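Novice: This is the structure I have questions about; it appears just below.
Derivation of every value follows stated rules applied to the coordinates shown; laboratory data play no part. Computed from a predicted model, the values in this text were never measured in an experiment. Cβ atoms come from the backbone with ideal geometry, glycine included; neighbour counts cover every protein chain shown.
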Amino acid sequence: MNVRVRFAPSPTGALHIGSVRTALFNWLYARHTGGAFVLRIEDTDVARNTEQSLNTILDGLKWLGLDWDEGPYFQSKRAEIYRQRAQQLRDVGHAYERDGALRFRMTREPVVINDLIAGPVTRALGDREVSDPDFVIVRSDGTPVFHFVNVVDDLEMKITHVIRGEDHLSNTAKHIALFRAFGVESPAYAHIPMILNVDGSKMSKSDPDPAKARLASLTAYVEDGYLPEAVRNYLCLLGWSPKDDRQILPIAEVIQKFDLPQILRHNAKFDVTKLEWMNGQYINALTSDELDWRAATFGIKCADAPYRRAVLNLLKGKISLLKQLPERCGYFFTEDFLIDPAAVAKSPVDPVMLTKLTDRYATLPVWDAATLESNLKALAGELGVKTGQLIHPCRLAVSGQTVGPSLYHMLEVLGRDRVLSRLRKFKP
């Protein structure tokens, strides 16, 4: 069997992180099996659809590297197909009209869903539905409903596996009944567990807590400077496990190992702290060129490319989000940087000692980290003070900050002229 899976978002808002994980699992299964990943846009809700939302979906999938093999198909352009399929059900007696709407004659027997993740699930008619389990498939205004177009599209597109969120499991009995009414077997269903906040609440773009609401949208991770590789890696591990303790996994290896029976049954909790740690690991592994072009999108620009790359390399291991770059390395690119007054108050500067350090650095024949370090330590010994009493004032004078990359490597990259000028201008 040639595996065919699909991702079918609605362009009615930002792309939910749970939907992103659904797209990822479909993409992984397609790549694992050598099948096809189909993109379908469910845009029948004309009142809520927007071009911006559509672009957000397409850009988000491209950002994550989830390339599709077919599509995007748009339901809004498939009205004639739905009309013909509705008439087909009417012709064979599986659909009938009532109050201007077309209703599907639902089976009265329990429906067994052989879910590839949840296992066998029996959906019997509930008490409320016993008297009338039938449901509308085409509204009185002629627009088809979700259940109907979903099934028709899966049928027409020859989808073999429907991998979607567990919240859709309650709809599956209706979908299976519709497939049978068309005289075909339904696709295999695999309902993946939900993604929850760390506190166990549902991740929602409409959460009353703005911070939680923001975490539910993929846009937040793009804006904050997460790398797509890190987000993709982390989402792979939400509900799926390679059965070892590794966290950083090359996508090629995930594709090789990924399969539906390995997906866990319990809900996954989204730990943004862990994701941020993982993102830092990915940033640290970037080459100089890779970090350079990514940093440019966060405002790090300087005509001196070798200097710019040297600065960014210093920040590896010191940042976990690209959005932190302007604050952490802004002083490398301007003389108009702020001196933290709280830092000055906390660590009083002895101007005499700082002048001695400046004078010593001015005479150095070589300007590199090792020479800068050995001379600072030698001066501290001569003055009978701890090295910190020279390190902290020096860092504050040249960067305005009390934390950052290795002082000596920072001084080396800044260069002799910048460092001496800043040391001489510093007025604690």
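Novice: For R214, work out the one condition from (1) in a helix (DSSP H, G or I); (2) closer than 22 Å to I163 by Cα; (3) among the charged types (D, E, K, R) it doesn't fulfil.
Specialist: Here R214 meets the rest and fails (2).
Novice: If you don't mind, another one. For the condition over 20 Å from the mean Cα position of the chain (by Cα), in a helix (DSSP H, G or I) and buried (at least 16 other Cβ atoms within 10 Å of the Cβ), what is the one hit in L314, L275?
Specialist: L314
Novice: Here is a follow-up. What pairs can you find where one residue is in segment 53-80 and aromatic (F, W, Y), the other is surrounded by 18 or more Cβ atoms within 10 Å (Cβ to Cβ) and not in a helix (DSSP H, G or I), and their Cβ atoms are less than 6 Å apart, with a gap of 6+ or different chains?
Specialist: That search, which allows pairs on different chains as well, returns W68/F37; W68/L39; Y73/R40; F74/I41; F74/D43.
Novice: So is E253 outside any loop (DSSP other than H, G, I, E, B) and of a type in the set (D, E) or not?
Specialist: For E253, the condition - outside any loop (DSSP other than H, G, I, E, B) and of a type in the set (D, E) - is met.
Novice: Could you check segment 1-34 and list, in sequence order, the residues that are in a loop (DSSP other than H, G, I, E, B) and in contact with a His (Cβ under 8 Å, 6 or more places away or on another chain)?
Specialist: Listed by number, the list holds a single entry, V3.
Novice: In addition: In segment 43-133, which strands (runs of 3 or more DSSP E) lie fully inside it and hold 3 or more residues that are of a type outside the set (D, E) and either closer than 22 Å to G18 by Cα or in contact with an Asp or Glu (Cβ under 7 Å, 6 or more places away or on another chain) (or both)?
Specialist: In segment 43-133, 70-74 are the strands (runs of 3 or more DSSP E) which contain 3 or more residues that are of a type outside the set (D, E) and either closer than 22 Å to G18 by Cα or in contact with an Asp or Glu (Cβ under 7 Å, 6 or more places away or on another chain) (or both).
Novice: From the list I163, I176, I159, I137, pick out the single residue that is of a type in the set (V, I, T), assigned to a loop (DSSP other than H, G, I, E, B) and buried (at least 20 other Cβ atoms within 10 Å of the Cβ).
Specialist: Residue meeting the stated conditions: I159.
Novice: Can you name every residue in segment 339-370 that is without any contact (Cβ under 8 Å) to a residue 60 or more places away in the chain and not in a helix (DSSP H, G or I)?
Specialist: Those that are without any contact (Cβ under 8 Å) to a residue 60 or more places away in the chain and not in a helix (DSSP H, G or I): S347, D350, T363, L364, P365, V366, W367, D368.
Novice: In segment 256-266, is there at least one residue being part of a helix (DSSP H, G or I) and in contact with a Gly (Cβ under 8 Å, 6 or more places away or on another chain)?
Specialist: Within segment 256-266, none of the residues are part of a helix (DSSP H, G or I) and in contact with a Gly (Cβ under 8 Å, 6 or more places away or on another chain).
Novice: Can you find even one residue in segment 185-205 that is part of a loop (DSSP other than H, G, I, E, B), touching a residue at least 60 places away in the same chain (Cβ under 8 Å) and of a type in the set (V, I, T)?
Specialist: Yes, segment 185-205 contains at least one residue that is part of a loop (DSSP other than H, G, I, E, B), touching a residue at least 60 places away in the same chain (Cβ under 8 Å) and of a type in the set (V, I, T).
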